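Working notes, structure below.
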Amino acid sequence: MEARHAFRRHKENKIHWEQGSVYDLSWSSDGTLLTAVGSKGPVRSWRLGRGGHKEGEEHKGLGSNIERLAWCPESTSAHILAAAEYEKVVHLWDQRSASV
């Protein structure tokens with residue numbers, strides 16, 4: 001499915017967020033993961049599928065000072081998430097291995 005059509009099958013769905021204010025959101029290039037970071041707590045991803053979202057996964061290895069997120073738009077590297085900290089540090093996280 002093309003990325004521009006990935007959202008057609010999703011109906012409105014609310015995700016409960018307890019990590020304070022939302023700083024940034026990023027969709028994976030295939031439209032299956034929504035990743036968010038807030039003012040409190042770690043980065044969190046939700047896997048989207050039929051019937052809405054599944055329970056979120058915390059990425060504690062990325063730290064708690066993350067300000068911005070971006071999934072790699074290139075299809076061969078779509079599993080790579082870049083996360084930038086306030087202190088001028090950028091983490092590259094490989095979703096396949098769950099490591100930073």
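The values are calculated or read from the model by the stated rules, or taken from the named source; none is laboratory data. Worth saying up front: this structure is predicted, and the values here are computed from it rather than measured. Methodologically, a virtual Cβ is constructed for each residue, glycine included, from the backbone with ideal geometry; neighbour enumeration extends over all protein chains shown. With ligands, DNA and RNA removed, areas are computed over all heavy atoms of the protein, side chains included. Shrake-Rupley method; radii C 1.70, N 1.55, O 1.52, S 1.80 Å.
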Counting only residues that are closer than 20 Å to residue 20 by Cβ, among the small types (Gly, Ala, Ser) and surrounded by fewer than 15 Cβ atoms within 10 Å (Cβ to Cβ), the stretch 62-100 contains a total of 1
Pairing a residue in the stretch 30-58 that is at pLDDT below 75 with any residue that is in a strand (DSSP E or B) and open to solvent by 30 Å² or more (accessible area, probe 1.4 Å), where Cβ atoms lie under 8 Å and the two sit 6 or more apart in sequence or on different chains, gives 41/58; 53/47; 54/47; 56/44
Cβ pairs under 7 Å, 6+ apart or interchain, first in the stretch 68-89 and assigned to a strand (DSSP E or B), second open to solvent by 100 Å² or more (accessible area, probe 1.4 Å) and not β-branched (Val, Ile, Thr), ordered by first then second residue, are 71/27; 80/92; 82/92; 84/68
Scanning the stretch 29-44 residue by residue, those small (Gly, Ala, Ser) and open to solvent by less than 10 Å² (accessible area, probe 1.4 Å) turn out to be 31, 36, 38
